[in-house]
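A short reminder: the numbers here are calculations on the coordinates, not readings from a lab. The structure presented is a predicted model; accordingly, all values stated were derived computationally and were not measured. Counting neighbours? That spans all protein chains shown, and the Cβs are built from the backbone with ideal geometry, glycine included.
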Amino acid sequence: MRVLVLLLLLLPLLPGAIRADDTSDAFLRQAWLITRMELDSAELARQRQIRDLAPLAETMLEDNAFIGQELQDIAARDGETLPNDLDAESELVLQGLRILSADAFRTAWLQHEATAHKQALALYGDYASKGQDEDLRSFASDTVTQIQAHLDAITALQKAAD
């Protein structure tokens with residue numbers, strides 16, 4: 001029963017779980033949590049200094065810093081407060097990545113990033129087409145291109161390892 005209650009509580013926070021009737025602040029919160037996770041994940045990859053991941057990690061750091069600033073600006077405009085901390089699931093993922101060897105890290109990081117970017121594409125794409133706030137909808141639409149570029153780079157790195 002506890003697990004069911006926990007899942008029901010976490011469901012609205014899961015990336016990609018936004019529905020057409022959700023509010024703009026729900027999208028903003030989910031997008032913020034995704035961006036925060038991407039910044040921490042990319043920083044971890046950069047710190048690992050794995051040669052073929054470094055350029056992608058740097059690009060993701062730059063792009064997500066910009067996205068994060070845009071989200072903060074929108075939240076401030078709307079009087080919303082974004083969370084300071086990552087959610088528990090993201091913290092667990094980062095903890096797991098930190099303890100892996102270089103080869104295991106590379107594989108796990110790319111797999112995590114592929115999944116995260118697919119979820120982000122679904123979240124941003126859905127809001128871009130069905131969102132309530134026109135400015136936020138435009139931002140989501142513009143951001144889809146960056147997310148897709150990251151996913152394409154991740155997929156290319158995964159294929160290169162095969």
Which of the residues spanning the stretch 131-162 are assigned to a helix (DSSP H, G or I), among the charged types (D, E, K, R) and in contact with a helix residue (DSSP H, G or I) (Cβ under 8 Å, 6 or more places away or on another chain)? 135, 137
Go through the stretch 92-117 residue by residue and tally those that are under 23 Å from residue 67 (Cα atoms), of a type outside the set (D, E, K, R) and in contact (Cβ under 8 Å) with a residue 24 or more places away in the chain. 9
Assuming residue 122 fulfils every condition listed in (1) under 14 Å from the mean Cα position of the chain (by Cα); (2) surrounded by fewer than 17 Cβ atoms within 10 Å (Cβ to Cβ); (3) more than 16 Å from residue 37 (Cβ to Cβ) apart from one, which condition is it? (3)
Among the numbered criteria (1) over 16 Å from residue 37 (Cα atoms); (2) in a helix (DSSP H, G or I), which single criterion is violated by residue 100? (2)
Scope the stretch 130-162; condition touching a Lys or Arg at 6+ places or on another chain (Cβ under 8 Å) and among the small types (Gly, Ala, Ser); matching residues: 131, 161
Can you tell me which residue is nearest to the chain's Cα centre (by Cα) among those in the stretch 48-92 that are under 16 Å from residue 30 (Cβ atoms), among the hydrophobic types (A, V, I, L, M, F, W, C) and assigned to a helix (DSSP H, G or I)? 67
Enumerate the pairs (first residue in the stretch 134-158 and closer than 15 Å to residue 73 by Cβ; second residue anywhere and of a type in the set (S, T, N, Q) and assigned to a helix (DSSP H, G or I)) with beta-carbon separation below 6 Å, excluding pairs fewer than 6 apart on the same chain, so at least 6 apart or on different chains. 136/24
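Might you let me know whether the stretch 110-122 holds any residue that is out of contact with any helix residue (DSSP H, G or I) (no Cβ under 9 Å at 6 or more places or on another chain), within 15 Å of residue 45 (Cα to Cα) and not small (Gly, Ala, Ser)?
Initial filter on the stretch 110-122 (out of contact with any helix residue (DSSP H, G or I) (no Cβ under 9 Å at 6 or more places or on another chain)): 115, 122.
After this cut, where a residue has to be within 15 Å of residue 45 (Cα to Cα) as well, the list is none.
Within the stretch 110-122, not a single residue is out of contact with any helix residue (DSSP H, G or I) (no Cβ under 9 Å at 6 or more places or on another chain), within 15 Å of residue 45 (Cα to Cα) and not small (Gly, Ala, Ser).
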Residue 89 being of a type outside the set (Gly, Ala, Ser) and in contact (Cβ under 8 Å) with a residue 60 or more places away in the chain: yes
